[in-house]
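A.B. asks: Got a structure for you, written out below as structure tokens; questions coming shortly.
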Amino acid sequence: MRVLALIAALALPLCPSADEQAQPEQTFDVSRTQTASATDYMVVTAHPMATEAGRAILAAGGSAADAGIAVQMMLGLVEPQSSGLGGGAFALYWDAAAGELFTYDGRETAPSGATPEYWFGPDGTPIGWRDAVPGGKSVGVPGTPALLQHLHDRHGILARPALVEDAVRAAETGFTVTPRLAASVSAAAEQGLKLFQPTADYFFPDGTALATGDTLKNPDLAATMRAFGASGAAPFYDETFGTPIIKATTTASINAGIMTLDDLASYEVKTRAAVCHPYRGYEVCGMGPPSSGALTVGQILMMLERFDLGDAPNPAAWRAYVEASRLAYADRGLYMADSDFVAMPEGLLNPAYMAARSALISPDVSGGAAPGEPPWKEGALRAPDRERERPGTTHFVIRDSAGNVLSMTSTIETGFGSRLMANGYLLNNELTDFSRTPKEDGKPVANRVEGGKRPRSSMAPTIVFRDGEPVMALGSPGGSRIIGYVATTLIALIDWNMTPAEAVTLGHVTASGDRVDLEEGTEAAALADTMTDYGLEARVRNLNSGLSVMVIEDGRMTGAADPRREGVVGGE
């Protein structure tokens, strides 16, 4: 039986907070949340048209990789504020026939000419984040086109042209603007979205912001996607589509960049070792550096394993989680970065080290959140990175009829990226994910800018195994809070035995430093007094996740999409 179940999402065009720039605040009605089950294949994405594009490929016999390409192409069209061909991504792929998990790094890279002082202004000090975002200087070499080709080369079944057909057709004939896209455009109107003419013309036709129900066409993107179908990623990294990128970035009227065609031509997808760790009899696997996601999620869960978190959410469990999160984020800020450039401790998930860190967690009063001293071969003096990522990201999970599983998080960094467009798509502002301060007290920051380096990410695509077989796949957008969204969803599924639908509607609690953020309008907001009494600053605020979750049990898949966005589950 075919399933295409909408997970309700109501977008309200309210003013976004500073660290959620260009993202509309969201509310949702838990009572309307739906879930879907299937036995043959399943796809969970943040938009109905993307889910349908992926479902059609799976129905035609395509692999999870094939469906992932179709999904990403459609998302870049209908959800351009979050991801697209001008950004980057991380992908976990379980190859059922080989019995092997592959993790692919399609993260953007800094131009070869970038130095640690890249973000210094004329006065020799770092410029502010808001000033750094718009223009060509924030744009990293995009990795998404190369990653999609990489997935197809290694795991694809169907011919490439078939994978872009639905997105090309929608770009040519037009698609209906959803409440979320309209609200995002409205929220970004005064945040630089009108600075550059091609972007302003697209999102503000006739000078008026796109509205819910408008029909939007993108013939330039249609031609670009059709070229991918015919020739793969090559045109994106040579003069064909590279020249418009270089022109847009280096001639930008604000923050002109230094990217070259050689930077594009030298880009490569990297196959990384998966980061896996135990939790309650499961093996939780994710992406390694330059992503900090799996390591930080792993630290949180390993520190919590000695605690009985109960069979439902409770204040004691949340206090333990908050302390584990604060300790893990402290290690993240000091040690984690692109390991091709920075030596990292090999013992960040060492059981003895995790036990020692866990012992710092008190049930009665919050302690300090200083980084620890994990085992490593070559120690180095480091300064912490205080930069936070902003949410301009999407996540989707797919399982095909052969049992292959894809969990992929894709991004252009903040909403609408650098505000620059080329070839019909927005270009990322991923280089603002680097620390704009390369040193502190004479000590280098691990996540400083360097030529060819990939900025640290919090993206945390995850696949969970039991007895060597995948039993869960999940991930979320949300900037630096992705780690908390994924960790608490895993706790909900494993400790509290929640269904996927219950897990994605759980009120969010995120913590780093001395601050705890609690999601307004949910049961989490009631924890404010508990956290204040515990000794931490509690803030009740909008927390904009976009979880996609799939649980596989006894041959049946059950999926749920975050009701804070416009997610849909499709399967058969």
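The values are calculated or read from the model by the stated rules, or taken from the named source; none is laboratory data. Please read these numbers as outputs of a predicted model, since none were measured by experiment. With ideal geometry, Cβ positions are generated from the backbone for all residues, glycine too; neighbour counts draw on all protein chains shown. Note: accessible area is taken over every heavy atom of the protein model, side chains too, but ligands, DNA and RNA are not part of it. Shrake-Rupley method; radii C 1.70, N 1.55, O 1.52, S 1.80 Å.
A.B. asks: Hey, what did the chain get for relative contact order, percent, Cα under 8 Å, at least 6 apart?
C.D. replies: Numbers: 1504 pairs, mean separation 148.6, N = 572.
In percent, rounded to a whole number, it is 26.
A.B. asks: Still on this structure: Leaving ligands, DNA and RNA out of it, report the carbon-plus-sulfur percent of the accessible area of region 181-263 at a 1.4 Å probe.
C.D. replies: Working: 1990 of 3750 Å².
Solvent-exposed carbon and sulfur of region 181-263 make up 53 percent of the total.
A.B. asks: Roughly how many Å is it from the Cα centre of region 160-207 to that of region 476-519, as a whole number?
C.D. replies: Each part reduced to its Cα centre gives a spacing of 30 Å.
A.B. asks: Enumerate the lysines that Lys439 could reach by cross-link, defined here as Cα to Cα under 24 Å, with residues fewer than 8 away along the same chain left out.
C.D. replies: Within the straight-line cut-off, Lys439 pairs with Lys137, Lys377, Lys453.
A.B. asks: Considering only Ala91, Ala170, Leu360, whose Cα is most displaced toward the positive end of the charge dipole of the chain, charges sitting on Cβ of Lys, Arg (+1) and Asp, Glu (-1)?
C.D. replies: Looking along the dipole axis, the top candidate is Ala170.
A.B. asks: Taking 7 Å along the Cα-to-C-beta vector as the label spot, tell me the Thr39-Asp533 distance in nanometres, rounded to one decimal.
C.D. replies: 5.0
A.B. asks: Would you mind counting up the charge near Arg466? Only other residues with Cβ under 13 Å from its Cβ, with Lys and Arg at +1 and Asp and Glu at -1. Numbers along the way, then the final one.
C.D. replies: On the way: positive: Arg280; negative: Glu283, Asp467, Glu469, Glu553, Asp554.
Residues close to Arg466 contribute a combined charge of -4.
A.B. asks: While we're here: Nearest 0.05, what FRET efficiency do Gln197 and Leu261 give at R0 = 22 Å with Cβ-Cβ as r?
C.D. replies: According to the calculation, E is roughly 0.40.
A.B. asks: Given +1 on the Cβ of Lys and Arg, -1 on the Cβ of Asp and Glu, and no further charges, what dipole in debye does the chain carry about its Cα centre, rounded to the nearest 20?
C.D. replies: 480
A.B. asks: While we're looking at this one, here's another question. Working out 0.36 nm times the residue gap between Ala352 and Asn314, then minus their Cα-Cα distance, what length gain in nm do you get to one decimal?
C.D. replies: Gain in length upon complete extension: 10.9 nm.
A.B. asks: Now a separate question. Cross-link partners among lysines for Lys217, C-alpha distance below 20 Å, same-chain residues fewer than 8 apart left out?
C.D. replies: The qualifying lysines are Lys194.
A.B. asks: For Glu373 and Ser231, calculate 0.36 nm times their separation in residues minus their Cα-Cα distance, and state this gained length in nm to one decimal. List each step's numbers first, then the result.
C.D. replies: Working: separation 142, 0.36 × 142 = 51.12 nm, distance 4.86 nm.
Result for the pair: 46.3 nm of gain on full extension.
A.B. asks: For region 264-314, what is the relative contact order in percent, using Cα pairs closer than 8 Å and at least 6 residues apart in sequence?
C.D. replies: With pairs under 8 Å counted, the relative contact order is 26 percent.
A.B. asks: Net charge around Leu420, counting only other residues with Cβ within less than 11 Å of its Cβ (Lys, Arg = +1; Asp, Glu = -1)?
C.D. replies: Its environment carries a net charge of +3.
A.B. asks: May I pose another question? What is the percent carbon and sulfur in the accessible area of region 307-380, measuring with a 1.4 Å probe over the protein chains and ignoring ligands? All intermediate terms of the calculation are to be shown ahead of the outcome.
C.D. replies: On the way: 1760 of 3180 Å².
Accessible surface attributable to carbon and sulfur in region 307-380 totals 55 percent.
A.B. asks: What does the charge count near Leu536 come to, summing +1 for each Lys or Arg and -1 for each Asp or Glu among other residues with Cβ under 11 Å from its Cβ?
C.D. replies: Once all neighbours under 11 Å are counted, the net charge is -1.
A.B. asks: A follow-up question, please. Give, in whole angstrom and from largest to smallest, the semi-axes √(5λ) of the equivalent ellipsoid of region 440-493, with λ running over the eigenvalues of the Cα gyration tensor.
C.D. replies: On the way: eigenvalues 194, 37, 22 Å².
Values for region 440-493, descending: 31, 14, 10 Å.
A.B. asks: To continue, here is another question. Ordered by packing density, taken as the mean number of other Cβ atoms within 10 Å over each peptide's residues, highest first, how do 286-294, 503-511 rank?
C.D. replies: On the way: 286-294: 28.0, 503-511: 25.3.
With the highest mean Cβ count within 10 Å placed first, the list reads 286-294, 503-511.
A.B. asks: Now, a different point. Just to confirm the filter: which trypsin sites (Lys or Arg not before Pro) across region 315-370 are DSSP coil and have at most 16 other Cβ within 10 angstrom of their Cβ? Please report the intermediate quantities before stating the final value.
C.D. replies: Values: sites: Arg319, Arg326, Arg332, Arg357; in loops: none.
Loop-located and lightly packed - none at all.
A.B. asks: Same structure, new question: Considering only protein heavy atoms, what per residue accessible area in square angstrom results for the chain with a 1.4 angstrom probe? Display every interim value, and only then the final one.
C.D. replies: Working: 18890 Å² over 572 residues.
Counting only protein heavy atoms, the per-residue value for the chain is 33 Å².
A.B. asks: Could you check the spin-label model distance between Glu190 and Glu520? Points 7 Å from the Cα along Cα→Cβ, value in nm.
C.D. replies: 1.7
A.B. asks: Zone of Arg130 (label point 7 Å along Cα→Cβ, backbone N under 17 Å): which residues in region 165-199?
C.D. replies: Backbone N within reach: 187-195.
A.B. asks: Here's something else I'd like to know. Tell me the label-point distance for the pair Ala211, Ile157, using the 7 Å Cα-to-Cβ offset, in nm and rounded to one decimal.
C.D. replies: 4.5
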